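What follows is one structure encoded as structure tokens, with my remarks underneath.
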Amino acid sequence: MSRIVVKIGSNVLTRKDGKPNVTNMSAIVDQVATLRSMGHEIIMISSGAVACGRGAVTPLRQLDSVAARQLFSSVGQVKLINIYNDLFGLYGIVVGQVLTQKENFGSRSSYLNQRACMLTMIENGVIPIVNENDTASLTELMFTDNDELSGMIATMVDADMLIILSNVDGIYTGNPSDPSSRLIEKVMPGEDVSGNVVASKSGFGRGGMGTKSGIASKVSEEGVMVIIAKGERPNVLVDLVNSPENVPHTVFLPSNEGLSTVKRWIAHSSSFAKGKIVVDRQAEEVLRGDSAVSLLPVGVVSVEGDWEEGDIVNIYDEKGSLIGVGKASIDSGNARQTVGMKGERPMVHYDYLYIE
């Protein structure tokens, strides 16, 4: 038995006119039901609410991007979840809606509450269908897209596999429409394939293959296998699980090391940081080394921002590049007083430190 997170993109779930693609949705539900019958646990990350709403309502006046998104998602989410409810109901499967916001991942307690909710649903045979709560999210606090959300959910629930269904078969060595481009079938842990990604976005979604590649790399380093495949291929989900050699896809192989649940949370928390810690070159080399080390004040050049003990802080090198994120062991006032000093307590303990 495996715990599988399935992310379905907007282009898979909606037609060109913005209305729900019930044919594709029905095919996906059939496959999820099949996987359930084999004993697998499924969590779905479903895009499509805004696209569904856009196809159902026409604003009476010109709306800004936030207001339009709130309107379309409020209407579209109802349509989307009702379709899922009806389709899964044919198999006697109960689904539950989980709407979340990026800020819900900002504190450890909120993170654990969400995790407990979804694990309870799974334990009781309910399939969680997760989406961002666009009606309440502000632009600056939104997920990059549901690819980012799916990665955070996959690590949150200790998934064995994350399957991202897109409108292409995976990552290519160039533009997928170029006959000379070939599909990259396997990405090893730590391997960088970002140079192959062509910058583009899907028709209805916010993200593109660049986001998918970045999320896949990060999540696989945290011990979760990630697969990117074309969602419209017949029986794609079942084949990816049972006979992956029969379907084109890109797989990001998971790191054997993995991360603790605390570090998994911290790894995705850089956007919630309350402060900034800059380290010198020697400290950077030590942090990036093979040994388990804490961030000590002696290697710190400067600190910025105001934070309390337990808040998230970002760690930068002297060139301004983000190299890590951690949970602060001391507040910003004490951090400023101990910058560059030896023999002081860590600013970030190893157990709560994630290096990119």
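The values are calculated or read from the model by the stated rules, or taken from the named source; none is laboratory data. The structure displayed is predicted, hence computed values, not measured ones. In this analysis, Cβ positions are derived from the backbone assuming ideal geometry, glycine residues included, and neighbour counts consider all displayed protein chains. Ligands, DNA and RNA are excluded from the accessible area calculation, which covers all protein heavy atoms including side chains. Shrake-Rupley method; radii C 1.70, N 1.55, O 1.52, S 1.80 Å.
Assorted remarks:
- In summary, the helical segments of the chain meeting the span-like criteria, namely a full DSSP H run, a Cα extent along the axis of 30 angstrom or more and a mean Kyte-Doolittle hydropathy of at least 0.0, are 65-89.
- Rolling a 1.4 Å probe over the heavy atoms of the protein chains gives the chain an accessible area of 45 Å² per residue.
- Taking each DSSP H run with n ≥ 4 as -39500 (n - 2.57) and averaging over every residue of the chain yields -10000 deg cm²/dmol at 222 nm.
- Most mobile of ILE323, ILE153, ILE215 in a GNM of the chain (Cα contacts under 10 Å): ILE323
- Using a Gaussian network model of the chain in which every pair of alpha carbons under 10 angstrom is joined by a spring, one finds that among LEU149, LEU60, LEU13 the greatest mean-square fluctuation is at LEU60.
- Rolling a 1.4 Å probe over the protein heavy atoms leaves HIS268 with an accessible area of roughly 20 Å².
- The HN-Hα couplings worked out from phi for the stretch 268-281 by the Karplus form 6.51 cos²θ - 1.76 cosθ + 1.60 (θ = phi - 60°) are 9, 10, 4, 6, 9, 4, 9, x, 9, 10, 9, 10, 7, 5 Hz, whole numbers, x standing for Gly and Pro.
- Most fluctuating residue given options GLN31, GLN282, GLN101, as computed from a GNM of the chain linking Cα atoms under 10 Å: GLN282
- From the coordinates shown, Kirkwood radius over Cα pairs in Å corresponds to which of (i) 20.5; (ii) 22.6; (iii) 21.5: (iii)
- Taking Cβ atoms as reference points and 12 Å as the exclusive limit, the residues near LYS230 contribute a net charge of -2, counting Lys and Arg as +1 and Asp and Glu as -1.
- Net charge of neighbours whose Cβ lies under 13 Å from the Cβ of LYS319, counting Lys and Arg as +1 and Asp and Glu as -1: -3
- Percent accessible area from carbon and sulfur atoms, the chain, protein chains only, probe 1.4 Å: 47
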